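Every number in this text was worked out from the coordinates using simple rules, so none of it is lab data. Computed from a predicted model, the values in this text were never measured in an experiment. Note that we place each Cβ from the backbone using ideal geometry, even for glycine, and neighbour counts take in every protein chain shown.
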Amino acid sequence: MAAGRTDRADPVRRTPGPARPARPRHPRTPGAGVTGDGLVEVIRAGGLTTVQDLGRPGWAHLGVPRSGALDPAALRLANRLVGNPEAAAGLETTLTGCTLRLVRAGTVAVTGALAVLRVDGRAVDTGGPVAVPAGALVELGPARRGVRSYLAVAGGIAVEPVLGSRATDTLSGLGPAPLRDGDTLPLGPVTARPAPVDFLPVGLPPAQLDLPVRLGPRHDWFTPEAVRTLLGTAYTIGTMSNRVGARLAGAALPRAVAGELPSEGVVLGAVQVPADGQPLIFLADHPTTGGYPVIAVLDNVLPLAQARPGTIVRFHGPIPLR
């Protein structure tokens, strides 16, 4: 990496950038500075629990990624189940779940990764609306299948929006910070009844993902062998993956061009190849520019939202003739 070029730093880990205003914390004292019709206390935040909605599209020209739920279909469903608009903010948990207390009686629903849900110690079904008495503990256990669960509360999480969204962006620092034990979250007013549900089919994440890609815009920076390797061998999702990108482990992709690429725009689903030759796939909190070449772009990143480390990934697409 050239000295002083932060655009070529580790594209998944956060890199130093211009100073930004401090991110507001959720009020530490229940009710302090909170407006709305209810309140949620965070008893156990888990490994990474964030507030997410459907993101903030339309700001990439200012360096702001869309962010939002990695599995937007799961968040939309959870919101519908409790009577919220689909775009309302809920909680996205990562592997370890979380524990909350509703100060007032309300309704919750959990979708996404399979996990055990308990209300005041009693196991209840996920995938449907659950009535929660005032003061009751809502315990969402570790994910048994998949990675990210989505917990919606009737009224929606009503933290202050930033650029039109309440989503936590783990790369840029916009939106509320990831939850910590002792945080409190305001709820908006309940506007509709929970949805009547008899049965909700659950799709389990597969052990192997077959991902269609379109080559380019910089596949000509790689050898023909590298392109054939990308489209003909299996990779596995690594443990360093996060909301910014899915880091893959497998055969390295050798470059045909040894020079440096000026920073250019990157999009959701871009398959970027850093200096070590190991590809990574940009997800919701990806940077909007980067200096490593993008060998291909995925048509759809949604299968990666629930893919655990160790999941096999295979790309397929046309191999160029040259």
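Put in line by how crowded their Cβ is, counting other Cβ atoms within 10 Å and starting with the fewest, ASP285, ASP120 read ASP120, ASP285.
Counting only C-alpha contacts under 8 Å and six or more residues apart, can you give the relative contact order of the chain as a whole percent?
Working: 859 pairs, mean separation 68.2, N = 322.
Reported as a whole number, the value is 21 percent.
Against the chain, whose longest principal axis comes from its Cα atoms, helix 72-82 is set at around 10 degrees.
Distance between the C-alpha centers of segment 70-112 and segment 208-236? Whole Å please. With segment 70-112 and segment 208-236 each reduced to a Cα centre, they are spaced 36 Å.
Taking the Cβ of LEU95 as the centre, find all other residues whose Cβ is under 14 Å away and add up their charges (Lys, Arg: +1; Asp, Glu: -1).
Details: positive: ARG44, ARG144, ARG145, ARG148, ARG243, ARG308; negative: ASP71, GLU92.
Result for the local shell: +4.
Sorting HIS61, HIS316 by the number of Cβ atoms found within 10 Å of their own Cβ, with the fewest placed first, yields HIS61, HIS316.
Taking every Cα-Cα distance in segment 188-254 and sorting them into 10 Å bins from zero, the calculated P(r) comes out as 14, 32, 22, 14, 12, 6 percent.
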